[in-house]
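What follows is a single structure, written as C-alpha cells, with notes after it.
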Amino acid sequence: MTSQTETQGSVTTVYKVTGMSCGHCEGAVSGEISQLPGVSSVTAVASSGEVTVVSAAPLDEAAVRAAVDEAGFELAGTV
C-alpha cells in the first residue's frame, strides 16, 4: 500500500521509518533521502516515525530504503 498524492509536477509520499527518536535522527534521515534524484523536500517527524517526501516522480522504494539504512534506521514501508 502506497500513500502518494500527485499534484502539478510533484508526488508526495509518506513513509514509515522506525527508530527515530530526536531531531538529530530526523536530520539524518532527511539528509540521506534529500540526496535522491528528483527529491524537492523531506520532512521527518520522530514522534510519529513519518517521513513525507515530495519528488518530481514516484521514487524507487529500494532507493529510499537504502537511504534510510545509510542514516541508520529502517524503512517500515509507506503509510
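The values are calculated or read from the model by the stated rules, or taken from the named source; none is laboratory data. Nothing here was measured: the structure is a model prediction, and the numbers come from that model. As a convention, Cβ positions derive from the backbone with ideal geometry for all residues, glycine included, and neighbour counts pool all protein chains shown. The protein model used for the area step is the full one, side chains on, heavy atoms only, and it has no ligands, DNA or RNA in it. Shrake-Rupley method; radii C 1.70, N 1.55, O 1.52, S 1.80 Å.
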key: Computed [θ] at 222 nm, helices only, for the chain once each DSSP H run of length n ≥ 4 contributes -39500 (n - 2.57)   = -9000 deg cm²/dmol
ask   = So if we plug the beta-carbon distance of GLU61 and HIS24 into 1/(1 + (r/R0)^6) with R0 = 30 Å, what FRET efficiency do we get, rounded to 0.05?
value = 0.75
request  = Run the accessible area of the chain with a 1.4 Å probe and give the carbon-and-sulfur part as a rounded percent.
outcome  = 50
query = Taking θ as phi - 60°, what are the ³J(HN,Hα) couplings along region 9-26 by the Karplus curve (6.51, -1.76, 1.60), each to the nearest whole Hz, with x for Gly and Pro?
reply = x, 8, 10, 10, 10, 10, 10, 9, 10, 9, x, 6, 9, 7, x, 5, 4, 4
inquiry  = For mean projected area of the Cα convex hull in nm², pick the label among (i) 5.0; (ii) 6.1; (iii) 4.4 that corresponds to the value derived from the coordinates.
reply    = (iii)
inquiry  = Over region 16-78, with the other protein chains present, what is the accessible area per residue in square angstrom, probe 1.4 angstrom?
reply    = 49
inquiry  = Take VAL79 and VAL45, extend 7 Å from each Cα along the Cα→Cβ direction, and tell me the distance between the two endpoints in nm.
reply    = 0.5
task = Measure off 7 Å from each Cα along the Cα-to-Cβ vector at GLN35 and THR12, then give the distance between these two points in nanometres to one decimal.
result = 2.7
query = Going by alpha carbons, how many degrees (0 to 90, nearest 10) lie between the helix axis of 61-71 and the longest principal axis of the chain?
reply = 30
